[in-house]
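**Student:** Take a look at the following structure, please.
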Amino acid sequence: MSSRYEMRFTGSGGQGVILASVILAEAAVVAGHQAVQSQAYGPEARGGLCKAETILSREQIWFSKVIQPSFLLALTQASLDKFAQDIAPGAVVMADSSLTVPDILDPEQVLSVPILETARKKVGKVMTANIVAVGAINAALGLFDQESLREGVRRHIPAGTEELNWKALEEGAKLITPEQAEKFRQTLE
């Protein structure tokens with residue numbers, strides 16, 4: 001893991017973006033790093049715009065608010081359009097492949113990944129999109145070893161769903177090629 005990541009996870013309520021940010025923060029703690037996590041969503045329990053933020057660091061975190069994220073995950077067009085406007089220069093954007101990349105983004109900084117389709121078709125449950133995303137994020141950025149990541153997931157999923165979630169993690173990781181991982185890790189260093 002690089003020394004510090006300011007990450008924003010966005011989508012609509014019900015897609016699990018908050019849980020994805022919690023899981024990565026938990027994996028950081030398991031791996032011996034520092035993490036803070038926060039979330040915000042509209043009054044709608046399902047379907048409204050949702051964002052969660054996580055700061056991961058090898059050193060103590062003195063300020064817990066994400067100002068300009070160095071990483072953005074977007075699972076809906078509305079969230080990509082809104083939150084792509086205030087990312088840090090050179091930030092990495094992971095967007096579901098069904099989304100249209102706004103003109104304000106440099107296509108070189110965008111990693112278009114079929115997160116929702118993979119959850120639906122390969123894992124068999126669209127509700128695992130957040131875990132697919134976690135697997136893809138970890139593969140792209142090289143954040144944690146598999147044991148720390150799986151422990152972060154295990155601590156936040158219902159008992160009896162482990163195999164489904166392990167499959168979602170694996171399928172997410174498969175979405176990132178070694179070349180993509182190298183490119184985006186260098187971008188954030």
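Where a number appears in this text, it was derived from the coordinates with a stated rule and is not lab data. Keep in mind the model is a prediction, meaning the values are calculated, not measured. Note: ideal-geometry Cβ built from the backbone for every residue, glycine included; neighbour counts use all protein chains shown.
**Student:** Cα atoms only, the range 34-105: Rg and Dmax in Å?
**Tutor:** Values for the range 34-105 (Cα only, Rg and Dmax): 13.2, 37 Å.
**Student:** With an 8 Å cut-off on Cα pairs and a minimum separation of 6 or more residues, tell me the relative contact order of the chain in percent.
**Tutor:** Working: 379 pairs, mean separation 44.0, N = 189.
About 23 percent, as a whole number.
**Student:** How large is the helix-only mean residue ellipticity at 222 nm for the chain, computed as the sum of -39500 (n - 2.57) over DSSP H runs with n ≥ 4, divided by its residue count, in deg cm²/dmol to the nearest 500? Each step should come with its number before you reach the end.
**Tutor:** Numbers: 6 runs with 67 residues, N = 189.
Taking each H run of at least 4 residues, the total per residue is -11000 deg cm²/dmol.
**Student:** How far apart, in nm, are two points set 7 Å out from the Cα along the Cα-to-Cβ line at GLN146 and at GLU170?
**Tutor:** Distance between label points: 0.8 nm.
**Student:** If you filter the range 76-179 for GluC sites (Glu not before Pro), then keep DSSP loop positions with at most 15 other Cβ within 10 Å, what is left? Could you put the intermediate results ahead of the total?
**Tutor:** Values: sites: GLU108, GLU117, GLU147, GLU151, GLU162, GLU163, GLU170, GLU171, GLU179; in loops: none.
Listed in order of number, the matching sites amount to none.
**Student:** Still on this structure, please answer the following. Under 5 Å between amide hydrogens, which residues at least 5 positions from SER97 or on another chain qualify, with H placed 1.01 Å from N in the peptide plane?
**Tutor:** Distant-sequence amide H within range of SER97: VAL113, ILE115, LEU116.
**Student:** Can you give the FRET efficiency for SER98 and GLN60, using 1/(1 + (r/R0)^6), R0 = 45 Å, r = Cβ-Cβ distance, to the nearest 0.05? Spell out each step's value before the answer.
**Tutor:** Working: r = 39 Å, r/R0 = 0.86.
Efficiency, from the Cβ-Cβ distance: 0.70.
**Student:** Can you list the chymotrypsin sites (Phe, Trp or Tyr not before Pro) in the range 1-106 that are in a DSSP coil and have 10 or fewer other beta carbons within 10 angstrom? Could you put the intermediate results ahead of the total?
**Tutor:** Working: sites: TYR5, PHE9, TYR41, TRP62, PHE63, PHE71, PHE83; in loops: TRP62, PHE63.
Hits after loop and neighbour filter: TRP62, PHE63.
**Student:** Still on this model: Which one, (1) 13.1; (2) 11.0; (3) 9.7, gives mean projected area of the Cα convex hull in nm² as derived from the coordinates shown?
**Tutor:** Here the calculated entry is (3).
**Student:** Shifting gears a bit: Mean separation of Cα pairs under 8 Å and 6+ residues apart, divided by the residue count of the range 11-108: what relative contact order is that in percent?
**Tutor:** RCO, the range 11-108: 24 percent.
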